[in-house]
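Colleague: Shown below is the structure under consideration.
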């Protein structure tokens, strides 16, 4: 980290975490949840949010205690050069995978709804190139992009959902907890990817003005995203029913597209959703992109002046990986695999923390 790098405030950190969490799930979560056949997915999302807050609070004290180092550095110090290299490489590949998934979803939606005559490859490449430009600017510049877009996103989304509530019927979300535990466990793997994003705290702690506030920032960040996703799922299912949401590729867009508000001379409310979501989806992948960049810089021991070729290589690699899936079904399957990879990623800091604890017991720890 450069000495001249600006430090992040508590609110900037919170917004970065929340905004990285809120992305493709806005459009695809209702469909994924409806596949379980239960209308109570919104309650399951709240429960999952609590689970992930507890998990992240387990390893954050370890990162806070070593606040001058990112997890990439801690992996090398605690686990050794070879194992640390493997752990860092896995995290970097995961971050790159998240970027490719988010970019492909972005390309699919923009190509289908906004730029039908533009090749998807062109759309994807432009967004990736602009993202690389921001990644090269540093964490603070990315945080400012988040700060501009995220509040606008929340306001417009909540207004559209509020307008949609006139179509809401409570019978569509009954019975509560239909399917019991079986419904929860069937939903869990389908929604794992929608909770990915808070792992950017792996590298954000050293950039924070007050690392002691990291736990509060992550907890509020996950909580904000969880409530937002739960409200979205609650209203979409309550307006469309589980059966209809299961058959539509983008249920949220379909709901807003059918929205008509008397007295307002606007025919296409879904345009507001699509344009706002496009900006939000773009910022969503910036956090993971920067994580991959920081991790690869650590792996290859690069200095800032040598990063131009790395940024170029990341742009080329992410573009070709993004365009590899043949269709949307392959993209959703790819997203499910990333959800399982996400579980392994959040287990890494817990493993390193436990390993550090064992080393301290035997007097072999290299950490203070």
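What follows draws every value from the coordinates through simple rules; no lab data is involved. Since this is a predicted model, take the numbers as computed values, not measurements. Methodologically, a virtual Cβ is constructed for each residue, glycine included, from the backbone with ideal geometry; neighbour enumeration extends over all protein chains shown.
Colleague: In a GNM of the chain with a 10 Å cut-off on Cα contacts, which of 31, 104, 174 has the highest mean-square fluctuation?
Modeller: Between 31, 104, 174, it is 174 that shows the largest mean-square fluctuation.
Colleague: If I model a spin label at residue 176 and residue 311 as a point 7 Å from the Cα along the Cα→Cβ vector, what separation in nanometres do I get?
Modeller: 5.2
Colleague: So what's the convex hull volume per residue for the Cα atoms of the stretch 289-353, in Å³?
Modeller: Convex hull of Cα atoms, per residue: 93 Å³.
Colleague: Once fully extended, how much extra length lies between residue 320 and residue 275, figured as 0.36 nm per residue of separation less the alpha-carbon to alpha-carbon distance? List each step's numbers first, then the result.
Modeller: Values: separation 45, 0.36 × 45 = 16.20 nm, distance 2.51 nm.
That pair, residue 320 and residue 275, stretches by 13.7 nm at full extension.
Colleague: Taking neighbour counts of Cβ atoms within 10 Å as a proxy for exposure, in what order, fewest first, do 92, 284 appear?
Modeller: Ascending number of Cβ neighbours within 10 Å: 92, 284.
Colleague: Just need log10 I(q)/I(0) for the chain at q = 0.07, 0.10, 0.13 Å⁻¹, Debye formula, equal scatterers on the alpha-carbon atoms, no solvent, rounded to two decimals.
Modeller: Normalising to I(0) and taking log10 leaves -0.30, -0.62, -1.03.
Colleague: Rounded to the nearest 0.05, what FRET efficiency is calculated for residue 361 and residue 89 with R0 set to 30 Å and r the Cβ-Cβ distance? Spell out each step's value before the answer.
Modeller: Working: r = 28 Å, r/R0 = 0.94.
Using R0 = 30 Å, I get an efficiency of 0.60.
Colleague: Going by C-beta contacts inside 10 Å, put 6, 301 in order with the fewest on the left.
Modeller: 301, 6
Colleague: Run the numbers for residue 141 and residue 188: contour at 0.36 nm per residue of separation, minus the present Cα-Cα distance, in nm.
Modeller: Here the segment from residue 141 to residue 188 would lengthen by 13.5 nm.
Colleague: Then there is this: Obtain the nm distance between the two label points defined at residue 118 and residue 7 by a simple spin-label model: each point lies 7 Å from its Cα along the Cα-to-C-beta direction.
Modeller: Result: 4.1 nm between the two label points.
Colleague: Report, to two decimal places, the Cα Rg of the stretch 82-133 normalised by 2.2 N^0.38 Å (N = number of residues).
Modeller: 1.47
Colleague: Is the C-alpha gyration tensor of the stretch 39-105 telling us rounded, prolate or oblate? Criteria: a/c under 1.5 is rounded; beyond that, a/b larger than b/c is prolate, otherwise oblate.
Modeller: Oblate.
Colleague: Something else: Can you give me the P(r) profile for the stretch 71-220? Cα pairs, bins 5 angstrom wide beginning at 0, each as a whole percent.
Modeller: 2, 6, 9, 13, 17, 17, 14, 10, 8, 3, 1, 0
Colleague: Let me ask another. Identify the residues of the stretch 326-368 with backbone N under 14 Å of a label point that sits 7 angstrom from the Cα of residue 68 along the Cα-to-Cβ direction, or state none.
Modeller: Flagged as within label range: 367-368.
Colleague: Let me ask you something else. Tell me, what is the FRET efficiency for residue 303 and residue 57 to the nearest 0.05, using R0 = 30 angstrom and their Cβ-Cβ distance as r?
Modeller: 0.30
Colleague: Using the C-alpha gyration tensor of the stretch 1-153, what are the square roots of 5 times its eigenvalues, in whole angstrom, with the largest one first?
Modeller: 29, 23, 18
Colleague: Follow-up. Based only on other Cβ atoms within 10 Å, what is the fewest-to-most ordering of 353, 309, 277?
Modeller: Ordered by Cβ neighbours within 10 Å, fewest first: 309, 353, 277.
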